[in-house]
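S.K.: Pasting in a structure now, in structure tokens, and then I'll have a few things to ask.
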Amino acid sequence: MKKTELSLGPVMLDVAGLELSAEDRDILRHPLVGGVILFSRNYASTEQLTALTREIHALRKPRLLVAVDHEGGRVQRFRDGFTALPAARRIGQAWDHDHRRGRRLAEASGWVMAAELRASGLDFSFAPVLDVDHGLCEVIGERAFHRDPEVVGHLGFAMMQGMSRAGMSAVGKHFPGHGGVVEDSHVAIPHDRRDISDIIRNDGWPFQHLIANGLAALMPAHVIYDRVDSLPAGFSSVWLQDILRDSWAFEGVIFSDDLDMAGAGAIAGDHAERARAAVAAGCDVVLICNNRPGAVDILDHAGLEIDPRVHLRMVRLHGRHDIGWSALTASEEWQQATALLRRYQDDSTLELDFNT
């Protein structure tokens, strides 16, 4: 198959099944497409997943980015054949018991997650979650490491280090923090009415910490911070340009959250209008998931353009350290790290030997 040479475009979308259909191949060759996000429906086995990612990568040069939400706990798209990863909250509990253990568990979780995804040909996972657990938001809940922003930052950084060692860039979410609201932005438009100084001092600290240490990408929340802007963060030039780019000097990729979510409904109009608004505010890449007509609307009518600066940011997210499943599972590092995670999952007392 001859690869089409195109820059990476600003749209990331999904595909329907376990292999690409003719329609999938056509849409993935569209110049405005830059990546694919996979879901549980795209997974049957590690062999099938590897074949699917190989097929996606064969379509374009440079190859399209392939991503997934694979955080651990209840948000882990691929199960059978993959190591069960602990929820972030459990890693935070390990930290409370012993800081060194918590960091070791976060780093091991990041490494195993990234190494197994890389063995299947994926470039990155939308992780780690850097939201602070204020005890309010069920959709975040156990996905957050801790209630203390500094703990979230330290554990998020440890996970990022593990991911990097395995050849994967980290994508922090949901900037500047989804944990301070009750509503779930998948089904509602949440409002956070705290003062900006409170938000940045608390929820913003983990993002600042990882940005200062080389965070490659992040995803803003579909949350309206009323005292800052009338628009959700992912559509707000205040958050994305004034704060992220100008004040915090963030140079990585900014992904929108899914434009089909209810939280994106704060922007009136169709999916094309939402995409235009997100890019105008400062998003580099817009996600449209589980809505092929909406994706087509964006590609055909949003009027998006290829930005060479965005292309350069995106190609830095390509996975590194290619390795196959056989070599990975035969390695001493994988065997020790997965054994540690299994022992932790089975040991509610947290009394583990974290020296291995």
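S.K.: Output the number of the condition that Ala84 fails; it satisfies all remaining conditions of (1) in a loop (DSSP other than H, G, I, E, B); (2) closer than 26 Å to Ala272 by Cα; (3) among the aliphatic types (A, V, I, L, M).
M.R.: Exception for Ala84: condition (2).
S.K.: Then there is this: Tell me, which residue of region 308-325 that is of a type in the set (D, E, K, R) and part of a helix (DSSP H, G or I) is farthest from Trp111 (Cα to Cα)?
M.R.: The qualifying residue farthest from Trp111 (Cα to Cα) is Arg309.
S.K.: Only one residue in Gly81, Gly34 is of a type in the set (Gly, Ala, Ser), under 22 Å from the mean Cα position of the chain (by Cα) and either closer than 20 Å to Phe126 by Cβ or buried (at least 18 other Cβ atoms within 10 Å of the Cβ) (or both), so which one is that?
M.R.: Gly34
S.K.: Within region 100-120, does at least one residue satisfy the condition of being crowded, with 21+ Cβ neighbours inside 10 Å, at pLDDT 95 or above and not in a helix (DSSP H, G or I)?
M.R.: Taking every residue of region 100-120 in turn, at least one turns out to be crowded, with 21+ Cβ neighbours inside 10 Å, at pLDDT 95 or above and not in a helix (DSSP H, G or I).
S.K.: Just the residues that are farther than 30 Å from Ala327 by Cβ, assigned to a loop (DSSP other than H, G, I, E, B) and out of contact with any Leu (no Cβ under 9 Å at 6 or more places or on another chain), please, taken from region 121-164.
M.R.: Answer for region 121-164, where residues must be farther than 30 Å from Ala327 by Cβ, assigned to a loop (DSSP other than H, G, I, E, B) and out of contact with any Leu (no Cβ under 9 Å at 6 or more places or on another chain): Asp131, Val132, Asp133, His134, Gly135, Leu136, Cys137, Glu138, Val139, Ile140, Arg147, Asp148.
S.K.: Given the conditions (1) assigned to a loop (DSSP other than H, G, I, E, B); (2) farther than 24 Å from Val315 by Cα; (3) touching a residue at least 60 places away in the same chain (Cβ under 8 Å), which single one is not true for Glu251?
M.R.: Only one criterion in (1) assigned to a loop (DSSP other than H, G, I, E, B); (2) farther than 24 Å from Val315 by Cα; (3) touching a residue at least 60 places away in the same chain (Cβ under 8 Å) is unmet by Glu251, namely (2).
S.K.: Check Ala58 against each of (1) more than 19 Å from the chain's Cα centre (by Cα); (2) over 30 Å from His301 (Cα atoms); (3) not basic (Lys, Arg) and name the one condition it does not meet.
M.R.: (2)
S.K.: Filter region 77-95 for residues that are within 14 Å of Asn42 (Cβ to Cβ) and either touching a strand residue (DSSP E or B) at 6+ places or on another chain (Cβ under 6 Å) or of a type in the set (A, V, I, L, M, F, W, C) (or both) and give the result.
M.R.: Once the filter is applied, which keeps residues that are within 14 Å of Asn42 (Cβ to Cβ) and either touching a strand residue (DSSP E or B) at 6+ places or on another chain (Cβ under 6 Å) or of a type in the set (A, V, I, L, M, F, W, C) (or both), region 77-95 yields Arg77, Phe78, Phe82.
S.K.: Give the number of residues within region 7-60 that are closer than 22 Å to Asp284 by Cβ, of a type in the set (A, V, I, L, M) and in a helix (DSSP H, G or I).
M.R.: Final tally of qualifying residues: 3.
S.K.: When you scan region 256-271, do you find a residue that is of a type in the set (A, V, I, L, M), touching an Asp or Glu at 6+ places or on another chain (Cβ under 9 Å) and at pLDDT 95 or above, even just one?
M.R.: No; the residues of region 256-271 include none that is of a type in the set (A, V, I, L, M), touching an Asp or Glu at 6+ places or on another chain (Cβ under 9 Å) and at pLDDT 95 or above.
The values are calculated or read from the model by the stated rules, or taken from the named source; none is laboratory data. It should be emphasised that the depicted structure is a prediction, and the values quoted were computed from it without experimental measurement. Positions of Cβ are generated from backbone atoms using ideal geometry, with glycine treated the same way; all protein chains shown enter the neighbour counts.
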